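Have a look at the structure below, then the notes.
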There are 4 protein chains.
Amino acid sequence: MNTPIHNSAFFSLINKIVSEKIPFNKLLGMTVDSIEDDTIKIKIKMKDEFVGNYIKKNLHGGVISSLIDVTGGMAAFVSFYKKNTEQSIEAQKKKFSRLGTVDLRVDYLRPGYGNWFIASGYTLRAGTRVAVTRIELNNDAGKLIASGTGTYIL
Amino acid sequence: MNTPIHNSAFFSLINKIVSEKIPFNKLLGMTVDSIEDDTIKIKIKMKDEFVGNYIKKNLHGGVISSLIDVTGGMAAFVSFYKKNTEQSIEAQKKKFSRLGTVDLRVDYLRPGYGNWFIASGYTLRAGTRVAVTRIELNNDAGKLIASGTGTYIL
Amino acid sequence: MNTPIHNSAFFSLINKIVSEKIPFNKLLGMTVDSIEDDTIKIKIKMKDEFVGNYIKKNLHGGVISSLIDVTGGMAAFVSFYKKNTEQSIEAQKKKFSRLGTVDLRVDYLRPGYGNWFIASGYTLRAGTRVAVTRIELNNDAGKLIASGTGTYIL
Amino acid sequence: MNTPIHNSAFFSLINKIVSEKIPFNKLLGMTVDSIEDDTIKIKIKMKDEFVGNYIKKNLHGGVISSLIDVTGGMAAFVSFYKKNTEQSIEAQKKKFSRLGTVDLRVDYLRPGYGNWFIASGYTLRAGTRVAVTRIELNNDAGKLIASGTGTYIL
């Protein structure tokens, strides 16, 4: 999987799960931007109701942690998938329903200003049932807003 | 502050900030339940759009981390307030605008099933500018769903 | 296991592993104080070479995180054991060799002053292969010096 | 400070603090390898008494977290120094005595096999009093053994 997998059935599955099937992701407007090698990128657009600090008008920490959690989880799912590529899409879908976050650390590095934000996640430790992932969230100017580390279980 | 401060101007300020002034909190429907001694409790009601796992229908990890982050932040703010009780409400409001999360760890312990959820936060380390808080999130049956530890700066 | 298991073969196994078999634990002088219900307590005595801040003469953060990591790991091992009590001591020993820390958060709450320190660990989430534990480290005066949360895999 | 500062008085101060002045660092045999741009590297050699898993003979998680904590703390100290370069060495020394870890997350990614280990730390968020740093610990074969994120206060 060293080439982009934009057009694959796997990319379609992942994007459908992220942007349509999970209600809270839909509320936040998450869409998968790309899955390349080990890295998955997920995007959201700023909206008025995502504001945290009502004086500074920057992105709420909860939106940041939500995007980081989902991106880390999908990076973990990609790494589990790569260990089991022989499985059907149906089997993958079923597997996805068992994916859970064990724990997550988020570091809030700069105020979240921007029209959109993109989080990139990749796997630091990939087992068959437990994965640890690293996630970085940048704004539309390429500034690092937050980073995180999450542990996921299948 | 060893008695409930439900009726105080401080409670009103905190509840107004949490439930009305912060747009993303409003989207999630957060309300302050109580501020007693060192502990602040914040509540949300389950809604269809808060679902994470669309098969199990449980609360999304991002809603959990959002509620834990806000509750930890308000617990930190309460501890900063207690070190400076002489200040006016206006001064407190201004101070609040400078409050920020430095980092947060969330542990997802059980699936988030329930009609409502309540998070309790209190301070583990209270400095004049930096506070570390512990937060526990229970469902309406009193089951511990998630816990967290957050570091906040004023 | 609602009574102390001080005299059991399991307590002896755990104490032998903690205080004798693991070289770095031995360097730090760790001993198991008690295993009761879900809580395991492990103790160390202060020594000159454990000092971190050479002006304040308090306990080094690395000694604190070491004791917290070991205590969390043993709490996880106790919870795995309780799910499999039928197994022989030999089987338990073998299992222990596969126990590993996935991740650990430590919060340093107060300077580590004291003649000895004791860490208490218990399980927040107990699966068959993954456990999340909470650990508190107190000094000989009962002051909370540090706390932590760790995720372990078997 | 975009060039190596190997020969400077600041490097000497840092190396003396890390390798001689702090008793527990000395017990572990820590030495500063380099300070370049924003990155500080600190090294330890494997010793029999640093073993954690007595069957696998790999590095104890407590040695890993100790090295990661010290490296993150020194990276934070370097970033505080860079904001105040006009200060004398005496003032820096005094400042150092007030440096403390607020919290630390460590992810244990691979078993710690090797003759020596080196941790690299750099600052993700640099304030005047609070800094967040990222640390990676590699073995002598360049394998990533563990990574961490720490928050420090001056």
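The table below lists the values:
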item	result
Length-normalised contact order of chain C in % [C-alpha pairs under 8 Å, at least 6 apart]	23 percent
Distance between region C:61-106 and region A:96-154 - C-alpha centres, whole angstrom	27 Å
Translational D in µm²/s for region C:9-153 (Stokes-Einstein at 4 °C, 1.567 mPa s, Kirkwood Rh from C-alpha pairs)	85 µm²/s
Low-density loop cleavage sites - trypsin sites (Lys or Arg not before Pro) in region D:70-99, where at most 15 other Cβ are within 10 Å (DSSP)	D:K83, D:R98
Test item: C:53-59 mean partner chain Cβ contacts at 10 Å	4
Förster radius 45 Å - calculated FRET efficiency between C:T39 and A:N115 (Cβ-Cβ, nearest 0.05)	0.35
Exposure proxy order (Cβ contacts within 10 Å, fewest to most) of B:E136, B:E36	B:E36, B:E136
J(HN,Hα) series, region C:122-134, from Karplus relation 6.51 cos²θ - 1.76 cosθ + 1.60, nearest Hz, glycine and proline x	8, 8, 8, 9, 10, x, 7, 10, 10, 9, 10, 10, 10
Per-q log10 I(q)/I(0), region D:25-94, q = 0.19, 0.24, 0.29 Å⁻¹ (Debye; single scatterer per alpha-carbon; no solvent)	-0.82, -1.08, -1.29
Charged-residue dipole, Cβ positions (Lys, Arg, Asp, Glu), the protein assembly as shown about Cα centre, Debye nearest 20	0 debye
Separation in nanometres of the label points that stand 7 Å from Cα toward Cβ, at A:K47 and B:R129	3.7 nm
Vicinal HN-Hα couplings computed from phi for region B:26-37 (Karplus, 6.51 cos²θ - 1.76 cosθ + 1.60; Hz; Gly/Pro x)	5, 4, 7, x, 6, 9, 7, 8, 6, 10, 9, 6
Estimated [θ] at 222 nm from DSSP helical runs (n ≥ 4, -39500 (n - 2.57)) normalised by residues in chain B, nearest 500	-8500 deg cm²/dmol
Cα-projected label distance for B:K95 with A:S97, points at 7 Å along beta-carbon direction, nm	5.0 nm
Computed E for B:F11/A:S12 - FRET, C-beta separation, R0 51 angstrom, nearest 0.05	0.55
Fewest-first sequence of B:S19, D:S65, D:S8, D:S88 by Cβ atoms within 10 Å of each Cβ	D:S88, D:S8, B:S19, D:S65
Cross-link table B:K26/B:K82; A:K94/B:K26; D:K41/D:K83, entries beyond 23 Å C-alpha to C-alpha	B:K26/B:K82; A:K94/B:K26
Semi-axis lengths, Å, the protein assembly as shown, gyration tensor of Cα atoms, sqrt of 5 times eigenvalues	34, 30, 27
Cβ-based exposure ranking for D:K45, D:K21, in which fewest neighbours within 10 Å come first	D:K45, D:K21
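Quick note: the coordinates plus some simple rules give every number you see, no bench work behind them. Nothing here was measured: the structure is a model prediction, and the numbers come from that model. Neighbour counts run over all protein chains shown; Cβ positions are idealised from the backbone, glycine included.
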